Amino acid sequence: MPRKYPLDRTRNFGIIAHIDAGKTTVSERVLFYTGVSHKIGEVHEGDTVMDWMEQERERGITITSAATTAFWTPTYKKGDKNFECQLNLIDTPGHIDFTVEVKRSMRVLDGAVVVFDGVAGVEPQSETNWRYADDYKVPRICFVNKLDRMGASFEKSFGSIRDRLTQNAIPLQLPIGAEGNFSGVIDLLEMKAYEFQGDHGENIIEIPIPEDMKDEAKTAHHKLVEKIVENDDTMTEKYLGGDENFSVEDLKRVLRKATIANTIVPVFCGSALKNKGVQFVLNGVVEYLPSPMDLPPIHGKNPETEEEMTRPVDDAQPLAALAFKIATDPYIGSLAYFRNYTGTLKKGSYILNVTKNTQERVGRLVRMHANKREEVDEVYAGEIAAIVGLKNTTTGDSLSAPEAPMVLESIVFPEPVIGVRIEPKTKADQEKMGLALHRLAEEDPTFRVAGDIETGETIISGMGELHLEIIVDRMKREFGVEANVGRPQVAYRETINAEAEAEGKYIKQSGGRGQYGHAKIKMKPLERGTGFEFIDAVKGGSIPREFIPAVEKGIKEALTKGIQAHYQVVDVQVTLYDGSFHEVDSSEMAFKIAGSMAFQEGAKRAKPVILEPIMKIQVAIPPEFLGEVTGDLNSKMGRIENIDDRPNAKIIDAKVPLAEMFGYATQLRSMTQGRGSFTMEFDRYEIVPTNIAAQIIEGKRR
Ligand code: GDP
């Protein structure tokens with residue numbers, strides 16, 4: 001079966017926004033106008049099509065990152081099938097605990113629509129998400145939403161985008177009227193004005209540009225043309241020669257090129273709630289955001305030789321895909337969402353999970369629409385879909401044609417920083433809890449489970465309090481497991497601050513078969529964030545090859561037990577350089593124990609230290625509270641890095657230990673009469689001072 005939509009008519013894009021800017025409402029309108037859903041659901045009623053998880057409905061936030069397929073023909077080509085495009089909308093959440101979801105989706109989307117609240121303009125999370133998009137070089141268009149609201153200003157919002165996000169932003173439209181009188185938009189490329197009529201703004205009516213806006217529109221048109229022209233040599237020449245007569249087609253062509261190259265960010269405007277302007281944003285997605293064909297060939301490595309390799313985006317190439325989300329669907333089981341970078345994936349074929357080095361059979365393939373799934377036989381290059389029932393695939397794994405393996409760059413996830421102890425309520429819960437936690441951890445790479453369920457010492461950790469609350473909630477709803485939950489605690493880490501050598505000997509020779517394992521190791525600290533490195537430097541067979549992995553395993557086990565407290569040990573390099581063995585008594589088990597003993601012994605002498613997560617926070621408050629709020633941050637051992645002046649607001653950027661941040665939302669509220677707000681994200685792990693380390697070791701600091 002040939003593909004229905006040529007690659008240049010495919011768009012993989014996401015909508016990103018600060019929470020409450022209107023991302024869900026915009027997505028809803030997108031689904032409505034593209035005909036996927038036939039009724040417009042309002043967010044506050046909790047019935048939107050995208051937010052399909054129950055918690056999301058209740059909390060009104062979007063957590064998962066499912067991909068939804070829809071179809072769109074630009075409004076000026078309405079009804080012409082030759083211009084119909086396949087849009088894969090990748091859902092990205094706005095809540096701070098889930099920025100990881102934003103990051104993960106950046107990896108697989110080709111372009112993004114960034115939504116802003118027309119009253120607030122750029123908000124802290126818009127900045128965070130903008131930077132993630134910068135990291136992955138994602139081309140963007142902006143949509144200044146909510147222009148119907150009291151206090152909305154396109155000019156100010158646009159100004160905040162230019163000042164705080166990018167000088168490359170340029171309006172493509174101007175709003176007609178403001179607040180309650182906001183009625184339509186002027187298209188600055190075509191120099192035409194439009195209004196939206198019908199119950200849901202589905203009828204777009206051209207109107208004359210209002211008399212009192214003609215000059216403003218002309219000036220803005222001029223600026224836009226100038227900005228576009230800068231991006232094309234022939235146009236620049238013509239322009240400098242005094243000829244400003246460019247066709248709309250030519251301007252669009254260069255604007256597309258510039259948007260894809262990230263040298264221009266087109267800005268649209270409207271009101272999703274009042275059904276104004278969203279169709280033009282969809283036109284913009286098609287006209288200016290890249291298709292998979294516009295991107296450079298995909299990049300990866302040969303897993304055996306580690307050699308860099310590239311492959312063009314083409315259905316006839318061997319498959320190279322990336323699993324970017326694992327979800328459990330109550331009806332069909334495990335779903336692995338993947339981005340097919342190149343090649344064709346066929347139902348019934350075998351694929352190689354290159355990351356895990358296992359083959360899996362592709363039983364069923366589904367494309368997810370907002371409210372239904374469609375079974376498909378083939379998924380082509382550049383598309384996004386899901387495989388049903390893969391057993392060994394987790395988030396970030398590379399999937400390849402078995403005969404042509406290629407490892408794609410995986411997604412780097414932040415380490416979980418908050419933990420809670422959980423305990424099954426009953427014996428029956430205990431039995432099911434292990435499975436439930438295992439499943440949830442498979443879906444979510446930022447969620448970890450440690451400890452032992454039987455002894456009631458299970459600790460789950462994640463990105464924030466809300467993240468863990470939702471996990472516990474899902475455990476109850478989806479798996480029927482009830483648990484008692486402790487107070488949230490900081491996920492401290494341990495590491496060493498000096499080099500050391502040590503040996504571990506495990507010898508048992510009384511009665512029965514003996515045990516003999518002996519390992520000599522050196523250890524040294526590594527840079528923050530490196531994790532664990534094991535180097536095998538054994539020469540002359542002092543330890544037989546087959547026992548070396550056992551030593552490494554033993555050391556890894558010791559890392560999970562901690563050195564001074566019981567926290568995970570990180571950022572250590574261990575070199576195994578010598579040891580000895582016994583012809584009969586040596587076993588994997590004995591070498592594992594020897595490795596673990598050696599590490600535990602050496603780490604104590606390697607100046608062990610405790611690491612704590614430091615959070616990057618941004619607090620927005622009315623100016624009169626500045627003194628009290630900064631004073632409080634100082635008392636929390638916070639380092640204030642910047643204080644920004646905004647109209648009627650101060651924005652404080654600071655770094656604060658996570659341990660000091662519990663309950664901050666309530667504290668800030670009472671300090672500012674409910675008018676302050678803040679966002680927080682993990683920055684890095686830092687060594688804690690010795691007096692505090694002592695408290696942590698004694699369990700006196702959470
Ligand atoms: P999200 O958190 O970014 O997904 O934002 P939502 O779409 O949930 O919107 C947050 C709130 O803003 C909801 O109460 C929406 O009804 C409201 N909202 C969204 N778009 C508009 C708009 O264009 N105008 C107005 N006045 N309100 C809007």
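Read-outs throughout are calculated quantities, based only on the coordinates presented, and are distinct from any laboratory measurement. Everything numeric in this text was worked out from a predicted model, so none of it was measured. Neighbour counts are summed over all protein chains in view; Cβ atoms, including those assigned to glycine, are modelled from backbone coordinates with ideal geometry.
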Region 102-159: which trypsin sites (Lys or Arg not before Pro) are DSSP loop and have at most 16 other beta-carbon atoms within 10 angstrom? Lys137
Quickly rank 627-634, 267-274, 234-241 as a protection proxy: mean count of other C-beta atoms within 10 Å, highest first. 267-274, 627-634, 234-241
Report D for region 213-292 in µm² per second (integer): Stokes-Einstein, Kirkwood Rh on Cα pairs, 4 °C, 1.567 mPa s. 93 µm²/s
Classify region 493-560 from the C-alpha gyration tensor, please: rounded if a/c falls under 1.5, else prolate or oblate depending on whether a/b exceeds b/c. prolate
Checked region 633-673 against the a/c 1.5 cut and the a/b vs b/c comparison, axes a ≥ b ≥ c from its Cα gyration tensor; verdict oblate
Gyration tensor verdict on region 445-537 (Cα atoms; rounded if a/c is under 1.5, prolate if a/b is larger than b/c, oblate otherwise): oblate
Please work out the Kirkwood hydrodynamic radius for region 455-598, using every pair of different C-alpha atoms, and report it in angstroms with one decimal place. 17.4 Å
Proxy reagent accessibility, fewest Cβ within 10 Å first, across Cys85, Cys142: Cys85, Cys142
Have a look at region 182-322 and give its Rg and Dmax from the Cα atoms, expressed in angstrom. 20.3, 68
Of the listed peptides 322-328, 422-428, 160-166, what is their order by residue-averaged count of other C-beta atoms within 10 Å, with the highest listed first? 322-328, 160-166, 422-428
Under a 5 Å amide H to amide H cut-off, with H placed in plane at 1.01 Å, what residues pair with Arg364 once short-range neighbours are removed? Val388
Within 10 Å of each candidate Cβ there may be at most 11 other Cβ atoms; applying that plus a DSSP loop requirement, which GluC sites (Glu not before Pro) in region 673-702 survive? Glu698
Which residues in region 239-267 have a backbone N closer than 14 Å to a point placed 7 Å from the Cα of Asn231 along the Cα-to-Cβ line? 249-267
Along the three principal axes, how long is the chain when you take its alpha carbons, biggest first, rounded to the nearest angstrom? 100, 66, 58
So if we plug the beta-carbon distance of Glu155 and Thr310 into 1/(1 + (r/R0)^6) with R0 = 35 Å, what FRET efficiency do we get, rounded to 0.05? 0.20
Restricting to Cα atoms and excluding each atom paired with itself, what does the Kirkwood estimate give for region 524-642 in Å? 17.5 Å
Of all GluC sites (Glu not before Pro) in region 491-579, which ones are in loop regions per DSSP and have a Cβ with at most 14 other Cβ atoms within 10 Å? Glu499, Glu527
Relative contact order of the chain, please, whole-number percent, based on alpha carbon pairs below 8 angstrom and at least 6 residues apart. 9 percent
Among 248-256, 278-286, what's the highest-first ranking by average C-beta atoms within 10 angstrom per residue? 278-286, 248-256
Calculated from DSSP helices alone, with each H run of at least 4 adding -39500 (n - 2.57) and the total divided by the residues of the chain, [θ]222 nm to the nearest 500 comes to -8500 deg cm²/dmol
Reference-scaled alpha-carbon Rg (2.2 N^0.38 Å with N residues) for region 551-598: 1.26
With every atom except the alpha carbons ignored, what do you get for Rg and Dmax of region 125-201, in angstroms? 14.3, 41
Phi angles of region 506-519, converted by Karplus (6.51 cos²θ - 1.76 cosθ + 1.60, θ = phi - 60°) into ³J(HN,Hα) in whole Hz with x for Gly and Pro, give 10, 10, 9, 10, 9, x, x, 6, x, 10, 8, x, 8, 9
May I ask you to sort Val354, Val551 by Cβ crowding, counting other Cβ atoms within 10 Å and putting the fewest first? Val354, Val551
